[in-house]
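Have a look at the structure below before the remarks.
Just so it is clear, none of the values below were taken in a lab; they were calculated from the coordinates. The model shown is predicted, which means the values in this text are computed figures rather than measured ones. When we count neighbours, we look across all protein chains shown, and the Cβ atoms used for this are built from the backbone with ideal geometry, even at glycine.
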Amino acid sequence: MKVTIYGSGYVGLVTGACLAEVGNQVLCVDIDQDKIARLNRGEIPIYEPGLEDMVADNVQSGRLAFTTDAAEGVRHGLFQFIAVGTPPDEDGSADLRHVLAVARTVAEHMGEYRIVVTKSTVPVGTSDKVQEAMAGTLQARNAQIDFDVVSNPEFLKEGAAVDDFMKPDRIIVGTDNPRTGELMRALYGPFNRNHDRVMVMDIRSAELTKYAANAMLATKISFMNELANLAEALDADIEHVRQGIGSDPRIGYHFIYPGCGYGGSCFPKDVKALERTARQVGFKAQLLTAVEDVNERQKERLFQKIHSHFQGDLKGRTIALWGLAFKPNTDDMREASSRMLMESLWAAGARVRAHDPVAMEECAHIYGQRDDLVLCDHHEQTLEGADVLAIVTEWNVFRSPDFELIRKHLKEPAIFDGRNLYEPKHMEDMGFAYYAIGRGR
Ligand code: UGA
């Protein structure tokens, strides 16, 4: 089948590469000429395991191509995927300008029936706006051409996106036209492992499903973080509690890891957006507000612990920091807990020596050159001259470090672990002051 994808960002690229991988002819359109030129040379603008090879293979086999020519894109695909960005504007709502611009472009150039599929995460009701934008443009052209609008939200996790796309839990298709539902089913047929993963439903339910999934996951995390803080106050160990409740299959082990808060481009944005959508229809989403509040507070936890360890005097201290990305296997630092921690430390007069296996460039890009930030090539180098160590991302290389070396370098043997990587008893036996989340201190 022929597929066009607008937007060669994270979602667009993964979707394009994976649809090409199973044999479709995919054309990716982006307005960024430089990006398209790089992609045509096989250079991937993001870090995502497995993506680079998949793009290169499919470009080479002629199933995947990149262009800046939108008209060519409209001619190419029966399926026209919109995967452009929806950055939050000042009031936190998704900015639909790019989505609607693509819709108008498709309507502007289409000569025959097209299926316009919204993949970007967009508020409930956006498909109606896409429909209106297209109808308006067609009317202005005096053209009577049929089209359908589909909501097909993505559920990819950064760092595991290729795998998630190739082996999805579900494929949500929102459409009012049963025939379009069948065409979407056919497109996604190759991804049905063992049983049918495609769920066809009405458009608004599909749009809401995306937000509901992320809000539910964020709620699980905030719930656990709240309990972790309570466990600290009660002198209980949240890790035992986590295992105790996770063993109930109705609760499950996934997404109940307490820590220094969730970050990334999705949870913070989507919880806020859903809260806002609720407000717009006169509904007070109290639970969502609490989920967000708890997360904001949780991102301050490590700083608070460091601050009280030093009795409020952080001036001139140096903190070694392991991890900058909002989670492992990505270089993404959007809403990362590391940022709030570093910014609080700087405001308190401390310096940071940081390392992340892949997010160093991103960090340099965000913060530029500053005296109170040293980016080290190796995580062990951060320890040199540091007072204490803080950990905010659970990269595998941090799981079993050389504790002897840590103790040798740190001025004080204290570790502030925002991801509960080590056993408190073990750490205590080795002579560390170990501050984790919900585990004693
Ligand atoms: C999330 C969802 O998991 C995907 O299903 C969804 O498609 C995606 O958003 C999206 O809407 O695009 P992602 O943001 O890539 O994916 O990352 P997650 O693996 O979900 O992690 C989010 C944050 O939660 C991280 O900061 C992580 O450290 C934190 N987290 C996760 C916890 O603090 N505890 C947990 O138990 C799990």
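Would you mind pulling out the separation of the Cα centroids of segment 334-364 and segment 8-58, in Å?
Here the answer is 30 Å between Cα centres.
Which of Asn420, Asn177, Asn194 moves most in a GNM of the chain, Cα contacts under 10 Å?
Asn194
Among the DSSP beta bridges whose two residues both lie in the chain, what percent are antiparallel, rounded to the nearest 5?
Rounded to the nearest five, the antiparallel share is 5 percent.
Trypsin sites (Lys or Arg not before Pro) within segment 6-64: which are DSSP loop residues with at most 14 other Cβ atoms inside 10 Å?
For trypsin sites (Lys or Arg not before Pro) across segment 6-64 that sit outside H, G, I, E and B with at most 14 neighbouring Cβ atoms in 10 Å, the list reads Arg41.
Pick from Asp371, Asp356, Asp146 the residue whose mean-square fluctuation is largest in a GNM of the chain, springs joining Cα atoms under 10 Å.
Most flexible of the set in this elastic network: Asp371.
With the dipole of the chain worked out from charges on the C-beta (+1 for Lys and Arg, -1 for Asp and Glu) around the Cα centre, which of Met333, Ala107, Thr4 lies farthest toward the positive end?
Ala107
When the helices in the chain are scored as -39500 (n - 2.57) per DSSP H run of 4 or longer and the sum is shared across all residues, what 222 nm value do you end up with, to the nearest 500 deg cm²/dmol?
When only DSSP H runs of four or more count, the value is -13500 deg cm²/dmol.
Given springs between every Cα pair under 10 Å in a Gaussian network model of the chain, which of Ala140, Ala65, Ala386 has the largest fluctuation?
Evaluated over the chain, the most mobile residue of the options is Ala140.
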